[in-house]
Amino acid sequence: MDLEKWVRPNIWNLKPYSSARDEFKGEASVFLDANENPYNAPYNRYPDPLQWELKKKIAEVKGVKPESIFLGVGSDECIDVLFRAFCEPGIDNVLSVDPTYGMYKVCADINNVEYRAVCLNADFDIDVEALLDRVDEHTKVIFLCSPNNPSGNLLSYSKIERVLDEFDGIVAVDEAYIDFADTPGFLPRLGDYDNLVVMHTFSKAWGSAAARLGMAFASSEMIAIFNKIKYPYNINLLTQQYAMQLLDKKATVREQVEGLKAGRVALREQLSQLPIVRQVYNSDANFLLVRVDDACGIYNYLVDRGVIVRNRHKITLCGNCLRITIGTPAENDILIDLLNKYTR
């Protein structure tokens, strides 16, 4: 891939900010280079701006090279850096599908980049022809969320492959929920596509939404571009230390994920038996999209009783749908008990 063709010229030629920690590599006993307070160690020191120790540990878990990892303040920073790297404000555009994760459009609006959405088919899958028909000379990035939010399903693997093959720009596959699916997703294919960016997160399967730590995986050349753009110390030391400890708990995380997948099966069966439920869609994520008789009425009924789900009634293809996250068995039981008592 001719990366220079796709990167904004000012970003390609950018000389990034060089911090004190960028200029010195190695061991030392006296640090007088960064105007830090000498007291209150270790929090008086700026963290590693490229998070190498953490990236090496992530690389072992994910089966990639550390140089192919970008860490952001949540996946939202990973999404935003794609706009800042590739999209000229007021000129370029990006593509995605509808319905999908709302931050793609928000980031497009913030960066003054045209956002084009192509409706999914009735099975919440990609219409590849319609998607590629919207591509023009100014289309820089295609965002595909798989498993998709709010529908919960994996997008067809072969259709994503076709987009990667036929679009020579950047294809960002957002796999925030991939740990709840029975497929490894596209991360193992990273070496097969120069134009592929895969996004994962610590928020979902790793149970750490409050830590705000997202991951983007791509070629080392593309990651180098992202590192030029990001703020010097975007991932603080506390977050890096927490993530290091969390990665040592892989077995516990796997058990929790399997428990949530089992809970998804049980909750789907219970919801399907309720008279107010019209359809429970297949899900490869940690939530279920549920079509009901009266989404707004049921949503308000649950809110009044302290149970919060997501009302997706106004979203494309999601009329009268609620999105329900898989909770603990006790939380799921409370939900079902309330829904059994619901009357208009």
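Some points to look at:
- For segment 73-93, the criterion of being in contact with a Leu (Cβ under 8 Å, 6 or more places away or on another chain) and surrounded by 15 or more Cβ atoms within 10 Å (Cβ to Cβ) is met by at least one residue.
- Hits in segment 20-56 - residues which are closer than 30 Å to Arg254 by Cα and surrounded by fewer than 16 Cβ atoms within 10 Å (Cβ to Cβ): Trp52, Glu53, Lys56
Here's the yes/no breakdown for (1) in the same structural domain as Ala218 (by TED's automatic domain parsing); (2) without any contact (Cβ under 8 Å) to a residue 60 or more places away in the chain; (3) in a helix (DSSP H, G or I):
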{"residue": "Tyr17", "(1), (2), (3)": "yes, no, no"}
{"residue": "Asp22", "(1), (2), (3)": "yes, no, yes"}
{"residue": "Lys25", "(1), (2), (3)": "yes, yes, no"}
{"residue": "Asn35", "(1), (2), (3)": "yes, yes, no"}
{"residue": "Asn44", "(1), (2), (3)": "yes, yes, no"}
{"residue": "Pro49", "(1), (2), (3)": "yes, no, no"}
{"residue": "Ala59", "(1), (2), (3)": "yes, yes, yes"}
{"residue": "Leu71", "(1), (2), (3)": "yes, no, no"}
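- Check on Asp179, among the acidic types (Asp, Glu), crowded, with 19+ Cβ neighbours inside 10 Å and closer than 30 Å to Gln240 by Cβ: yes
- Being touching a Leu at 6+ places or on another chain (Cβ under 8 Å) and crowded, with 18+ Cβ neighbours inside 10 Å is a property that holds for Pro99.
- Flag if Tyr157 is farther than 22 Å from Gly185 by Cβ and in the same structural domain as Glu77 (by TED's automatic domain parsing): no
- Set Ala176, Ala130, Ala209: member being closer than 19 Å to Glu77 by Cα, without any contact (Cβ under 8 Å) to a residue 40 or more places away in the chain and among the small types (Gly, Ala, Ser): Ala209
- Flag for Leu144 being part of a strand (DSSP E or B) and either at pLDDT 95 or above or loosely packed, with under 14 Cβ neighbours inside 10 Å (or both): yes
- Looking at segment 188-303, the strands (runs of 3 or more DSSP E) lying wholly inside it that each contain 1 or more residues that are modelled with pLDDT of 95 or more, surrounded by fewer than 16 Cβ atoms within 10 Å (Cβ to Cβ) and out of contact with any Ser or Thr (no Cβ under 6 Å at 6 or more places or on another chain) sit at 277-280.
- Top-ranked residue of segment 333-342 - restricted to ones that are farther than 14 Å from Ser272 by Cα and touching a residue at least 24 places away in the same chain (Cβ under 8 Å), ranked as nearest to the chain's Cα centre (by Cα): Ile334
- Helices (runs of 4 or more DSSP H) completely within segment 73-136 that count 1 or more residues being within 22 Å of Ser219 (Cβ to Cβ) and not assigned by TED's automatic domain parsing to the domain that holds Cys318: 74-86, 103-110
The values are calculated or read from the model by the stated rules, or taken from the named source; none is laboratory data. Please read these numbers as outputs of a predicted model, since none were measured by experiment. Here the Cβ is made from the backbone with ideal geometry for all residues, glycine too, and neighbour counts use every protein chain on show.
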